[in-house]
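Okay, structure first, notes after.
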Amino acid sequence: MTNYKILLPPSEGKLSGGNEQYFEIKNNHSFAILEKNRVLLLQNLLDFISHANDSDLEKLFSVKNNFEQITAFFQDFDNKLTLPAINRYSGVMFNAIDYPSLNEEQKNNANQSILFIDALFGLLQPQDLIPNYKLSISAKFADFKIDNYWKKNLKEILEEELQGKIILDILPQAHRKAIAISNKNCYLINFFEIKNGKAKNAGHISKKLKGEFIRYILSFDEINLEILYNFSHSQGYKYSEDLSSDNEVIFLKS
């Protein structure tokens, strides 16, 4: 059992395909207690979509076309094919984690420690089976503001799940708005570079760096601050004592 939890966002892009249909497995999710909240959100989303015009859909999904393809993700949802979340999510950070290439101990640590803060499902673990879909945690429609909705419904579950753990928060700011964590052992993980004489967020490359940091952490059953500080990257990112604080660990490119 790991002594840490890693909070991650889902990827915006997701792989297609799958195996079992969602209705066959949804009650076997690690957080099946949230199923009623997921159903309510989906029902309200489908109702909104059925009455929405193009302008409404553009605001909801942050796109200017492909509405038919996007809204089709939510139609007949129970019969959609599913994949484990860790296989469904794609993109730079997940490519850097490279879950399929982890050894069995690292995979076991990933399955125990990683928690996804997800717009449609609320909270997921890597092996939870989910369909393909597109929905932002910051989306809002009708009376629903998704980040507020999950902040309220995840509070008690997260408190129990994170109790006694070291928490590595690798979430974008939008996803942090969907949770409330009082645990003093929660550390934000960020990567900085010196730009125009000032230390600033490393930008897009930080996704790859965070993925490699996660891969490093998954080599340990138990971690402490020394293990966090000892992470270094071949491109020159190392722990910065000057920039870091009590609840934020910053790696600076030397």
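Looking at Lys134, Lys195, which one is free of Cβ contacts under 8 Å to residues at least 60 places away in the same chain, of a type outside the set (Asp, Glu) and over 20 Å from Arg215 (Cβ atoms)?
Checking each option against the conditions leaves just Lys195.
Given the conditions (1) surrounded by fewer than 16 Cβ atoms within 10 Å (Cβ to Cβ); (2) touching a strand residue (DSSP E or B) at 6+ places or on another chain (Cβ under 8 Å); (3) under 21 Å from Leu46 (Cα atoms), report the number of the one that Asn153 does not fulfil.
Condition not satisfied by Asn153: (1).
I want to confirm something. Restricting to segment 22-57 and keeping residues that are surrounded by 13 or more Cβ atoms within 10 Å (Cβ to Cβ) and assigned to a loop (DSSP other than H, G, I, E, B), which single residue is modelled with the highest pLDDT?
Ranking the qualifying residues of segment 22-57, first place goes to Phe31.
Select from segment 25-54 the residues that are in contact with an Asp or Glu (Cβ under 9 Å, 6 or more places away or on another chain) and within 18 Å of Asn132 (Cβ to Cβ) and list them in ascending order.
Across segment 25-54, the qualifying residues are Ile25, Lys26, His29, Ile49.
Evaluate segment 99-110: report whether one residue or more is on the phi > 0 side of the Ramachandran plot and surrounded by 17 or more Cβ atoms within 10 Å (Cβ to Cβ).
Of all residues in segment 99-110, those on the phi > 0 side of the Ramachandran plot come to none.
Looking through segment 99-110, none of the residues is on the phi > 0 side of the Ramachandran plot and surrounded by 17 or more Cβ atoms within 10 Å (Cβ to Cβ).
In segment 61-70, is there at least one residue being at pLDDT 95 or above, touching a helix residue (DSSP H, G or I) at 6+ places or on another chain (Cβ under 6 Å) and either over 26 Å from Arg215 (Cα atoms) or of a type in the set (D, E, K, R) (or both)? Outline the logic, then answer.
Pass one, segment 61-70, residues at pLDDT 95 or above: none.
No, every residue in segment 61-70 fails to be at pLDDT 95 or above, touching a helix residue (DSSP H, G or I) at 6+ places or on another chain (Cβ under 6 Å) and either over 26 Å from Arg215 (Cα atoms) or of a type in the set (D, E, K, R) (or both).
Based on what the data block shows, is Asn19 surrounded by fewer than 19 Cβ atoms within 10 Å (Cβ to Cβ), under 23 Å from Phe141 (Cβ atoms), modelled with pLDDT of 90 or more and touching a strand residue (DSSP E or B) at 6+ places or on another chain (Cβ under 7 Å)?
Considered against the rule, which asks whether it is surrounded by fewer than 19 Cβ atoms within 10 Å (Cβ to Cβ), under 23 Å from Phe141 (Cβ atoms), modelled with pLDDT of 90 or more and touching a strand residue (DSSP E or B) at 6+ places or on another chain (Cβ under 7 Å), Asn19 comes out as no.
Just to check your reading of the model, which residue among Leu218, Leu171, Leu243 is within 15 Å of the chain's Cα centre (by Cα) and at pLDDT 95 or above?
On inspection, the qualifying residue turns out to be Leu171.
Residues that are farther than 25 Å from Lys207 by Cα, at least 3 per element: which helices (runs of 4 or more DSSP H) completely within segment 58-99 meet that?
Details: elements: 67-72, 85-88, 92-97.
Once the helices (runs of 4 or more DSSP H) in segment 58-99 are filtered for at least 3 residues that are farther than 25 Å from Lys207 by Cα, what remains is 67-72.
The values are calculated or read from the model by the stated rules, or taken from the named source; none is laboratory data. Keep in mind that this is a model prediction, so the values were computed, not measured. Cβ sites come from the backbone with ideal geometry, for glycine too, and all protein chains shown count toward neighbours.
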